[in-house]
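Colleague: Sharing a structure, written as structure tokens. Questions coming.
The values are calculated or read from the model by the stated rules, or taken from the named source; none is laboratory data. Everything quoted here is computed from the prediction, not taken from an experiment. In this analysis, Cβ positions are derived from the backbone assuming ideal geometry, glycine residues included, and neighbour counts consider all displayed protein chains. Ligands, DNA and RNA are stripped out before the accessible areas are found, and what is left, the full protein with its side chains, is counted by its heavy atoms. Shrake-Rupley method; radii C 1.70, N 1.55, O 1.52, S 1.80 Å.
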Amino acid sequence: MGIELSSEARVAPLQSGSPTIATLCSHSSLQLFHGARQEGFRTLGIAAREPPRFYDAFPLAKPDRFLTVPSIQDLPNHVDVLRKERSVLVPHGSFVEYLGPEAFMQLDVPVFGNRAVIGWESDRRKEREWLESAGVPMPKRYERFEDVDGPVIVKYYGAKGGRGFFLAKDREALKGFTPTGPHVIQEYVIGTRYYIHFFYSPLNTDGFRVATGSLELLGMDRRDEANIDELYKLGSAEELRRSGLRPTFVVTGNVPVILRESLLPQVFDIGARIIERSIELFGGMVGPFCVEGIMTEELEFKVFEISTRIVAGTTLFIRGSPYSDLVAPDLSMGRRIALELKRALRAGRAREVLS
Ligand code: ATP
């Protein structure tokens, strides 16, 4: 099975019994609704209190209908509406975060991808176990401050968007620092960050073969992070600390990047290992995922995080990226998800892409 796109001009809506693609009105929803529509799906936006007005400005990405709930935490009380609409939920970072990983996993509505992955991603320890046992190169981890032998980043568990992380250039700089909660001490990798957008299709029978399907590389971005990106302009880390200014890594936007072509084999190898190990651990990760890492000057990619679903940086490529253009024209991640669902339904293999 290769990739066949519907031409937007002649796309006919799927039959009335076919699913509706639904997601929370946030994060990458514009792209998800746009891509679903390109493949002929009906769309449903889940909104807390009232639908965001900005959809009115983007008619090609406005969902056909909205489900408005008092708060996102209330969604489990409205699954009857979602089921009546034959909804397939597409998870994204904000959807899982706002509802809570546990509640999301328990929703009695079909979800695109294997929802078991959420349990592995939302726990930093389990995520590390997965990646390390897959042989993915990662930043060194220290158990105690006394063991530190280079620059480190101290991350708290459950830190949202990198708030409260502590950076130290060496062991000396950690003196006097007392962590305020459960944390990990990680090597601070010096290099260039890349956030790599992969898609794993269990249905593909050609392409870059991994397990029974194949791995696609659809794009790459780098995140703009406040305040770390601009903080250096105010002085050295020591000076800033004395003034009470601490670095944070709050994502405010994304910029497109590409990788030196000679480095592509390395990242494909990492993507493939992650998929193969996911199959052994929990039945496999299906669909979009993002490998987030730092390329060092020795040209070694060290992975500090994986997002096991669509990431917001993919919206850069609503009309395709330099990589996805070599897979198929006009292929956003949102459209790729819709396409996989359509192919699975037509082949009677929905169980392989839904959970
Ligand atoms: P988010 O929820 O936004 O994904 P998070 O709280 O899970 O953030 P990470 O993604 O682990 O935190 O890290 C946030 C940022 O910190 C990264 O985007 C990167 O800029 C920086 N960072 C994380 N780990 C390292 C590392 N080991 N070396 C250098 N920089 C790092």
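Colleague: Quick check: residue separation of Ser133 and Thr192 times 0.36 nm, minus the Cα distance between them. What number comes out in nm?
Modeller: 18.8 nm
Colleague: Moving on to the next point. Decide, for region 267-345, between rounded, prolate and oblate: order the square roots of the alpha carbon gyration tensor eigenvalues as a ≥ b ≥ c, take rounded if a/c falls under 1.5, and otherwise choose prolate if a/b is larger than b/c, else oblate.
Modeller: The shape class here is oblate.
Colleague: If you count only protein heavy atoms and use a 1.4 Å probe, how large is the accessible surface of Lys169, to the nearest 10 Å²?
Modeller: Using a 1.4 Å probe on the heavy atoms, I get roughly 130 Å².
Colleague: Could you state the accessible area per residue of the chain in Å², with a 1.4 Å probe and every protein chain left in place?
Modeller: Heavy-atom SASA per residue in the chain reads 47 Å².
Colleague: At Phe268 and Leu167, where each label point lies 7 Å from the Cα along Cα→Cβ, what is the point-to-point distance in nanometres?
Modeller: 3.4 nm
Colleague: Still on this model: Which of the residue pairs Lys302/Lys342; Lys155/Lys302; Lys84/Lys342 have a Cα-Cα distance greater than 28 Å in the structure shown?
Modeller: Lys302/Lys342
Colleague: Give me, ordered by chain and number, the residues 5 or more places off Gly320 or on other chains with an amide H under 5 Å from its own placed amide H.
Modeller: Leu331, Ser332
Colleague: Taking 8 Å as the Cα distance limit and 6 or more residues as the minimum spacing, I'd like the relative contact order of the chain as a percentage.
Modeller: For the chain, the relative contact order is 20 percent.
Colleague: On to the next question. What accessible surface, in Å², does a 1.4 Å probe find on His27, ignoring ligands, DNA and RNA and rounding to the nearest 10?
Modeller: Estimated to the nearest 10 Å², His27 gives 70 Å².
Colleague: Let me ask something else. Quickly estimate the mean residue ellipticity at 222 nm for the chain, helices only: each DSSP H run with n ≥ 4 gives -39500 (n - 2.57), and the total goes over all residues, rounded to 500.
Modeller: That comes out to -7000 deg cm²/dmol.
Colleague: Continuing with the same structure: When the Cα atoms of the chain are enclosed in a convex hull and the volume is divided per residue, what value in Å³ results?
Modeller: Given the Cα convex hull of the chain, per-residue volume reads 149 Å³.
Colleague: Then there's this: Round to a whole number: what % of the accessible area of the chain belongs to carbon and sulfur, probe 1.4 Å?
Modeller: The C+S portion of the solvent-accessible surface of the chain is 52 percent.
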